[in-house]
Amino acid sequence: MRFSQFPLNTLKEVPADAEIVSHQLMLRAGLIRKLASGLYNWMPLGVRVLHKVERIIREEMNRAGALELLMPAVQPAELWQESGRWQQYGPELLRVNDRHQREFCVGPTHEEVITDIARRELRSYRQLPVNYYQIQTKFRDEIRPRFGVMRSREFIMKDAYSFHLNQESMAETYQVMHDTYSRIFTRLGLEFRAVQADSGNIGGSESQEFHVLADSGEDAIAFSDGDAYAANVEVAPAKGPVDPRPAPTSELEKVATPEVRSIDQLCAFLKIGPQQCLKTLLVEGQDGNLVALALRGDHQLSATKAEKIPGVASPLCMATPERVLEVAGCEPGFIGPVGLACSLIVDYSAANMANFVCGGNEKDAHMTGVNWERDIAEPQVADLREVVEGDPSPSGTGTLHIARGIEVGHIFQLGRKYSEAMGAKVVDEQGHEVEMYMGCYGIGVTRVVAAAIEQNNDDKGIIWPDAIAPFQVILIPMNPAKSQRVREESERLYREFTEAGLEVLLDDRDARPGVKFADAELIGIPHRIVIGERGLDAGKLEYRHRRSETNEDVAMEKIVQFIMDRTTRD
RNA sequence: CGGGGCAUGGCGCAGUCUGGUAGCGCAUCUGCUUUGGGAGCAGAGGGUCGGCGGUUCGAAUCCGUCUGCCCCGACCA
């Protein structure tokens, strides 16, 4: 490709609404352009990257025996009503009517459609197991799209669905997909981790997420330093303290705490640590009454854990200030469990506190010297909090560390949730009809591109991993307009590289060297070759890898082989 | 959906408080010079100041309203 024939507007300035580095660089390098909130055009340079990611995914899925198909983006409401998700799925599901007022949705995922395919096509256990996949556009009407294509409303996903006679077969394919995903992300050149996860509203039991490690990641993941244990902090079990609860030593006392609402303010006001404070959160219960959840001041509530507790509404819903006033008699910020007239569930760590501080259930008041059993009835305990750095590993070996990650893949063992709801059955060896077991496996293709940049960049721009670079090599002729030699050599090299099967970008623009260097670095081409009079006199070319700070001279006749040796061929 | 903010040429912004000539940098086009790290000079094009309504002799500026976008909280590939 010649740069002169490739309209690419790189930006020097950072667009104002781009917050994270991958979003900024994707805009600056001209990979994407925004059309509307959560909707992006993929420009030619970006599509080259996207297609490379897709190719690797296809190759590995095919290698794993999965079968590619393609389902419509628009799906009839009837299927979603059958599975029950027409009601369950909130406004995130984009619903549309056709000209006959029939209801449809733009698919956020394809369990319903694939299960419909399976119940029509699969008759016998002899046809199982089967694993179908597609690479296709999804739409989720996110409340708050952000970070460019990292969390957009329309995005491209590789989704796969497997069907099985029994649980063992499902578990087997799940493992195959786990290994396949590991191969895919390895080939993509990403640093990643597979972690235990919540299955969310897709349903099912066993589930793991694949995270690309990056400080800007929206998820926190916990991993043990003692063994291979790794989990999303939402689900990693937090063990209770092993030591018995200390005995009460202080008297219960109400203290005036004017305008002290947060744990931080309380600690500053009373000159204590957050682990001596108890925070009480009121959430909606299943029966219309509020439920109080209590945690130690330095811990965070895990919404995922909380909404699984019987009696707590799912999805989790914090009580409104009006409801808080009704039940606790005060505004949020002063709630405490002493004399609170609703059911109370306490985190293990919080239940082990003694002589602690909590809200006084009246404005500008807190209680100090509070103790369970003596001042409040022995509470119901549960695991409510997110694990923190230094917690013991749930695996029993090592302690947990926290890292941030971007979720790029998720695999589930669904079981029979959809096959039962939609009657997807096959005949087994005994001639009986049985519902099939299902697994499902997703990769956010567009998100992978953003995650790769998030993990591979510097102050000059993107640094593409070889496997997904839009071009492998960039040729930069110095002042071609002035030097016929430089022009001819560049053209010759361009032909040779092309014939050798390498993807090469020739910067034949009549631009100053600085402009070309800056663009080459911004768009992140891994291998750069400079052709200038200076080197040609000595029969040499200048080579520099995008990650390197220095040039390397390479003899003209060896350059193609030199690059071939340095590019990933697969 | 709740809270906060923004909307002025393709991009980044000033001007709004205190009403009166739309301005700067980048980008684009032309010419000349320049050419190993985002060039210099000279010139040019491009904006109904988000929409609608109001106040006023006069509105980017004041008032009302609508729309769009961004940021902070509950989701997920």
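In the stretch A:304-326, what residues are of a type in the set (S, T, N, Q) and either closer than 24 Å to A:Asn371 by Cα or open to solvent by less than 10 Å² (accessible area, probe 1.4 Å) (or both)? Steps first, answer last, please.
Of the residues in the stretch A:304-326, the ones of a type in the set (S, T, N, Q) are A:304, A:314, A:320.
Scanning the stretch A:304-326 gives no hits.
Which count do you get for residues in the stretch A:154-166 that are within 16 Å of the chain's Cα centre (by Cα) and more than 7 Å from RNA strand B (Cβ to nearest atom)? Steps first, answer last, please.
In the first step, residues of the stretch A:154-166 are kept if they are within 16 Å of the chain's Cα centre (by Cα); the result is A:154-159.
Now restrict to residues that are more than 7 Å from RNA strand B (Cβ to nearest atom): A:154, A:156, A:158-159.
Of the residues in the stretch A:154-166, 4 are within 16 Å of the chain's Cα centre (by Cα) and more than 7 Å from RNA strand B (Cβ to nearest atom).
Would you say A:Val291 is of a type outside the set (D, E, K, R), in a strand (DSSP E or B) and either open to solvent by less than 40 Å² (accessible area, probe 1.4 Å) or within 16 Å of RNA strand B (Cβ to nearest atom) (or both)? Break it down stepwise before answering.
On the way: of a type outside the set (D, E, K, R): yes; in a strand (DSSP E or B): yes; either open to solvent by less than 40 Å² (accessible area, probe 1.4 Å) or within 16 Å of RNA strand B (Cβ to nearest atom) (or both): yes.
Judged against the criteria, A:Val291 is a match.
Quick check on the stretch A:136-158. Is at least one of its residues touching a Leu at 6+ places or on another chain (Cβ under 6 Å) and farther than 26 Å from A:Ile468 by Cα? Within the stretch A:136-158 (the criterion being touching a Leu at 6+ places or on another chain (Cβ under 6 Å) and farther than 26 Å from A:Ile468 by Cα), the answer is yes, since at least one residue qualifies. Screening A:Thr498 against (1) over 29 Å from A:Phe192 (Cβ atoms); (2) touching a Lys or Arg at 6+ places or on another chain (Cβ under 9 Å); (3) among the β-branched types (Val, Ile, Thr) leaves a single unmet condition, (2). Being assigned by TED's automatic domain parsing to the domain that holds A:Thr180, surrounded by 12 or more Cβ atoms within 10 Å (Cβ to Cβ) and in a helix (DSSP H, G or I) is a condition met by at least one residue of the stretch A:98-112. The criterion of at least 2 residues that are closer than 22 Å to A:Gly84 by Cα, touching a Phe, Trp or Tyr at 6+ places or on another chain (Cβ under 6 Å) and assigned by TED's automatic domain parsing to the domain that holds A:Leu69 is met by the following strands (runs of 3 or more DSSP E) wholly inside the stretch A:114-211: A:154-164. Residues in the stretch A:327-359 that are buried (at least 22 other Cβ atoms within 10 Å of the Cβ) and either of a type in the set (Asp, Glu) or farther than 16 Å from A:Ala377 by Cβ (or both): A:Ala328, A:Phe334, A:Ile335, A:Asp347, A:Ser349, A:Val357, A:Gly359. Scanning the stretch A:374-384 turns up one or more residues that are part of a loop (DSSP other than H, G, I, E, B), in contact with a Pro (Cβ under 7 Å, 6 or more places away or on another chain) and surrounded by fewer than 18 Cβ atoms within 10 Å (Cβ to Cβ). Restricted to the stretch A:1-91, the set of helices (runs of 4 or more DSSP H) holding at least 3 residues that are over 24 Å from the mean Cα position of the chain (by Cα) and surrounded by 13 or more Cβ atoms within 10 Å (Cβ to Cβ) comprises A:77-83.
Hey, which of the helices (runs of 4 or more DSSP H) in the stretch A:455-541, taking only ones fully inside, have at least 1 residues that are farther than 20 Å from A:Gln5 by Cβ, open to solvent by 70 Å² or more (accessible area, probe 1.4 Å) and more than 11 Å from RNA strand B (Cβ to nearest atom)? Working first, answer last.
Working: elements: A:484-499, A:513-523, A:533-537.
The qualifying helices (runs of 4 or more DSSP H) are A:484-499.
The values are calculated or read from the model by the stated rules, or taken from the named source; none is laboratory data. Just so we're clear, the structure is a prediction, and the values are computed from it rather than from any experiment. Using ideal geometry, Cβ is built from the backbone for each residue, glycine included, and neighbour counts are taken over all protein chains shown. Accessible surface is based on the protein model in full, side chains and every heavy atom, while ligands, DNA and RNA are left aside. Shrake-Rupley method; radii C 1.70, N 1.55, O 1.52, S 1.80 Å.
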